[in-house]
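Here's the structure we're looking at; comments come further down.
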Amino acid sequence: MTQMNKTTKLLLLSFLALLVLAALGCGGGEEAVTEPTLVAEEAEPVAAPPVQPVSVSTTVPLVVDALSTFESKDPFVPQSVTNPGGGGTNTGGTTVTTSDSTATTAPSSVSNALHSLKVLSIDAVNDIPVVTFEVDDVIYADREEGDTVDTSWGQIKVIEIDAEDQVVVFLHGSETRSLGVGQEYLK
């Protein structure tokens, strides 16, 4: 045989061996059908393709809540109850009852209310009772029963003025409020 013929055979055998190896490696679970191969007398061994190492990575969960101060609570257990005013010796303070303890605080002169309604005076003009009241630091003077004023808190209507008992009934939205002279409603 000629040198060219031997080299061609060797290349052909190498190619067929690679095809067989590829068919075996890429079979995907199916059996690969192999065909008989011709063995050359002077064939050099063919090196198998290098095996790629399988990379394995482990993931450690990150604890995101490590700095969180949120504590879940049972929605069916009352956590706190606030009772303004009340009877007994309480002088207008707030009693807070939690599942652990009870505390009573003295009334504060600082108000966190967003809006206020206060009756300043009840008088009579031409024998008709009138009220002067304040809403959010704006004074509305000499308003009669049935008068409606537009305020920063919405419309407030004077329903009834009792000059004898010094009490006024206001309508704000769907709620009525009865306030005496000097009383203030905060919300």
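Couple of notes before you dig in:
- Complete set of residues in the stretch 151-184 that are among the acidic types (Asp, Glu) and loosely packed, with under 12 Cβ neighbours inside 10 Å: Glu164, Asp165, Glu175
- Within the stretch 132-150, the only residue that satisfies the criterion of being over 15 Å from Leu179 (Cβ atoms) and in contact with an Asp or Glu (Cβ under 8 Å, 6 or more places away or on another chain) is Asp142.
- Test: Thr148 is at pLDDT below 90 and either open to solvent by less than 70 Å² (accessible area, probe 1.4 Å) or of a type outside the set (Asp, Glu) (or both): no
The values are calculated or read from the model by the stated rules, or taken from the named source; none is laboratory data. No experiment lies behind these values; they were computed from the predicted model shown. Cβ atoms come from the backbone with ideal geometry, glycine included; neighbour counts cover every protein chain shown. The protein model used for the area step is the full one, side chains on, heavy atoms only, and it has no ligands, DNA or RNA in it. Shrake-Rupley method; radii C 1.70, N 1.55, O 1.52, S 1.80 Å.
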